[in-house]
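**Student:** One structure coming up, written as structure tokens, with questions to follow.
Laboratory data are not the source of any read-out in this text; all were calculated from the coordinates shown. On a predicted model such as this, the values are computed, not experimentally measured, just so you know. Heads up, the Cβs are rebuilt from the backbone with ideal geometry, glycines too, and the neighbour counts pull from every protein chain shown.
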Amino acid sequence: MVPSTVQPSTTFKVEMTVADTTDITGIKLVGIYNGDAVTENITLDPDETCYSTNYFDTLSSIIPTRFDTGTTIEVNAIDGAFQPIFWQVESDPYNCTFSTIDGMATGLPLTQVGLIDFVIHYVRLPFNAPIYKNMEFTVEPIGNYSVNPYEGKVFVPSSDFDVVCIPPRFIPSEHTFRASEKHDGDD
């Protein structure tokens, strides 16, 4: 397997998912991290997702060491929080819950002009929605609003992404995170 010629400009781990097999799949990852060669062997059960233990600056080879003909192997770059690494992506609208959190969640950061307050929002969205730590998004409320209270506002994540799982099998169903309005100078 030949890795993509376009790879992240930041350090990454590797996420692998196998499908279309009923047997164990073996994969050997070869790459570079901090100027040193890195090799990692990974064994995946059928329909399983695994993550590399090692970080990579560059992934030079993905070598299947054991797989059935017809096996599908999906390989993705992820960050240390197991979130996909995207360079830039335009996303379709996703139905989500976007709510204001009051009280202690309101921030009072010290800036060059003194203390400013900002409201933190709580976001829940479908698990299949693409999310990443450097994303920016807008909100279009659903309902009868004469004026969109979020018009012209851009929001950014202000916390880690959590995964909500549904018992009893604990299948991931939603991502949750906190977000705040992006202000000039936020990057």
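**Student:** How would Met16, Met135, Met1 line up from fewest to most surrounding beta-carbon atoms within 10 angstrom?
**Tutor:** Met1, Met135, Met16
**Student:** Further, regarding this structure: Please give the FRET efficiency for Met135 paired with Ala19, using the beta carbon to beta carbon distance and R0 = 22 Å, rounded to the nearest 0.05.
**Tutor:** In this case the efficiency is close to 0.20.
**Student:** Stretched out fully, how many nm does the piece from Ala81 to Asp47 gain, at 0.36 nm a residue minus the Cα gap?
**Tutor:** Stretched fully, the Ala81-Asp47 segment lengthens by 10.1 nm.
**Student:** Among Phe98, Phe12, which comes first, second and so on when ranked by fewest other beta-carbon atoms within 10 Å?
**Tutor:** In increasing order of surrounding Cβ atoms, one gets Phe98, Phe12.
**Student:** Relative to 2.2 N^0.38 Å, what does the C-alpha radius of gyration of segment 2-63 come to as a ratio? Two decimals please. Don't skip to the answer; put the middle values down first.
**Tutor:** Working: Rg = 12.1 Å, N = 62, 2.2 N^0.38 = 10.6 Å.
Segment 2-63 yields a ratio of 1.14.
**Student:** Which cross-chain or sequence-distant (5 or more) residues have an amide H under 5 Å from the amide H of Val154, H modelled 1.01 Å from N in plane?
**Tutor:** The list, which skips near neighbours in sequence, is Lys182.
**Student:** Report ³J(HN,Hα) in whole Hz for each residue of segment 137-142, in order, from the Karplus equation J = 6.51 cos²θ - 1.76 cosθ + 1.60 where θ = phi - 60°; Gly and Pro get x.
**Tutor:** Going residue by residue, I get 8, 10, 10, 10, x, 9 Hz, with x marking Gly and Pro.
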